[in-house]
Amino acid sequence: MSQDILINWAPQETRVAVVEQGAVQEVHIERTLERGLVGNIYLGKVSRVLPGMQSAFIDIGLDRAAFLHVADLMPNIAAKHAAPKDKGQNGDAGAGAKVLTPDPVQPIERQIFEGQALMVQVLKDPIGTKGARLTAQISIAGRLLVFLPQDNHIGVSQKIPTAQREALRQRLGALTAPPDGSAAGGFILRTNAEDASDDELREDIAYLRKTWQRIREASSRLPPPSLLHEDLNLMQRVLRDLAGSQTQSIRIDSREQFGILQQFASEFMPDTLPKLQHYSGERPIFDLFNIDEEIARALGRRVDLKSGGYLVIDQTEALTTVDVNTGGFVGARNFDDTVFRTNLEAAQAIARQLRLRNLGGIVIVDFIDMVRDDHREAVLSEFRKQLARDRVKTMTGTFSQLGLVEMTRKRTRESLAQMLSEPCGSCGGKGLVKTARSVCYDILREILREARAFNPREFRVIASARVVELFLDEESQHLAGLSDFIGKPISLQTESSMTQEQYDIVLL
């Protein structure tokens, strides 16, 4: 499948679109002031250990402490270190403090202690109210390999055919083995390294080991919390992670950044150099495939299908739900065929929307009920086929007794909606607001409570125009009745800046 990558650069943000067969499949955005943290390596400081949750909070210099679970500690050598008695639970570790090697087999409270310096890497960016997710199992990605400095494992990407893996593993083991036979870290061969030469692999090995050496040196001289290593920026990650053999072109609309990217590619990823192009057209680069329109549609709940059916996608903190509807599709010979064809088209559209919106975590898909088992199997097979094109790991179940398909998609960063949107100031993210009549009745009850507690000369209600209009019209009798009951006048004042649910009662 042919692929084009478009890069729209501006000083405030970089936007990348992955286009396959003329359709936008992925959108990546990195803002200068909001750059993601995944892959960054820190010398952190243990701020709190939670034995009951077998986890700890680590201070890495962010607004919120990051989260580390015992399963993400080092699995190799059992730590012999307990919290020093002379330091207690609040001992501080300064620059050059020894970074201990923990073991998840033991309870976390026997491995790390408050105040300890610990080298950690960000697995997931902070999302919503949740802090960053960390691991103590460091990995550094290169162009062809992933370096595991604390491990000696030699692995090969599972996307490479099984028949070739063992030969590649032996070849990589020979290239990475130090002459003296000492342990020097493990490596995983990435998918794009399947046809790499020995010289290319040696260059990547040398680069990764040099990077790790710089990280270790920084950890010995900097105090916690400190940033030891920052992952590549979005444009550089395009060459490392997104570009592949199927990529025909990588176009960027900034001449200056094009030159910088050329230099980076020639040094680290020469295979991508011929694909780099400077786009100098008069139209904005994202207009070539109507990408801005696709982004705008990806922020909506409804996705229309070509057949006339449609999807409704709702994203919550716990999970994402996708509902499939036939809509106006009546093109098949009978109802069963209509449902089957709509579900087939929906399976393709859902897989694309998951990538485009970068939806992660648990996803529940409610396909239209199908009577025939062969239709169900065909839809599920098509769904899995489309999901296989996703570079992000997914797992899909079968149809449940209720006709639902449950799946998961690995979540490492915010979704497109979370990055580009914020909760509505009127409804607070609920998607609903109280009716004007409900707000009127809230105000009447509030005035009654205030009248029992205070004795003002007058009550003044300040509210939105719609609420005040209702009080002057349909609810005027109730307002007058309350005024007579409490023996105080009630005046009204419109405040245009207030939302429908907001109001204030002033005692005069």
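Where a number appears in this text, it was derived from the coordinates with a stated rule and is not lab data. The structure displayed is predicted, hence computed values, not measured ones. With ideal geometry, Cβ positions are generated from the backbone for all residues, glycine too; neighbour counts draw on all protein chains shown.
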Placing +1 at every Lys and Arg Cβ and -1 at every Asp and Glu Cβ, with all other atoms neutral, what dipole size does the chain have around its Cα centre, in debye to the nearest 20?
1180
Over the chain, what relative contact order in percent results from Cα pairs under 8 Å that are six or more residues apart?
12
I need the phi-derived Karplus couplings for the stretch 138-153: 6.51 cos²θ - 1.76 cosθ + 1.60, θ = phi - 60°, integer Hz, Gly and Pro marked x.
6, 9, 10, 8, x, 6, 10, 10, 10, 9, 10, x, 9, 9, 10, 6
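Expressed as a rounded percentage, what relative contact order does the stretch 436-508 have, with Cα pairs under 8 Å and six or more residues apart? Provide the component values of the computation, followed by the final result.
Numbers: 100 pairs, mean separation 35.8, N = 73.
Computed over the stretch 436-508, the figure is 49 percent.
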Ratio of Rg to Rh over the stretch 270-318 (Cα coordinates, Kirkwood Rh, two decimals)
1.19
Inter-part distance where the stretch 32-57 and the stretch 395-467 are each reduced to a Cα centre, Å:
32
The chain: calculated mean residue ellipticity at 222 nm from DSSP helix runs of at least 4, using -39500 (n - 2.57)
-9000 deg cm²/dmol
The alpha-carbon center of the stretch 478-508 and that of the stretch 188-236 are separated, in whole Å, by 65
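How charged is the neighbourhood of P270? Take every other residue with its Cβ under 12 Å from the Cβ of P270, and add Lys/Arg as +1 and Asp/Glu as -1. Please report the intermediate quantities before stating the final value.
Numbers: positive: R143, K275; negative: D199, E200, E203, D204, E267, D271.
It works out to a net charge of -4.
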Shape call, the stretch 283-370: gyration tensor on alpha carbons, a/c limit 1.5:
oblate
Shape call for the stretch 391-465, from the Cα gyration tensor axes a ≥ b ≥ c (a/c under 1.5 means rounded, otherwise prolate when a/b beats b/c, else oblate), comes out prolate
Of K45/K130; K306/K385; K124/K385; K275/K306; K124/K434, which sit over 29 Å apart, Cα to Cα?
K275/K306; K124/K434
Taking only the alpha-carbon atoms of the chain, the convex hull volume per residue, in cubic angstrom, is 249
Classified through the alpha carbon gyration tensor (a ≥ b ≥ c as square roots of its eigenvalues; rounded if a/c is under 1.5, else prolate when a/b is larger than b/c, else oblate), the stretch 380-429 comes out oblate
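DSSP loop GluC sites (Glu not before Pro) in the stretch 248-308 with at most 16 other Cβ atoms within 10 Å of their Cβ, which ones? All intermediate terms of the calculation are to be shown ahead of the outcome.
On the way: sites: E256, E267, E282, E293, E294; in loops: E282.
Loop-located and lightly packed - E282.
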In sequence order, calculated HN-Hα J values of the stretch 15-31 (Karplus, 6.51, -1.76, 1.60; Hz; x Gly/Pro)
10, 10, 10, 9, 10, 10, 6, x, 10, 6, 10, 9, 10, 10, 10, 10, 9
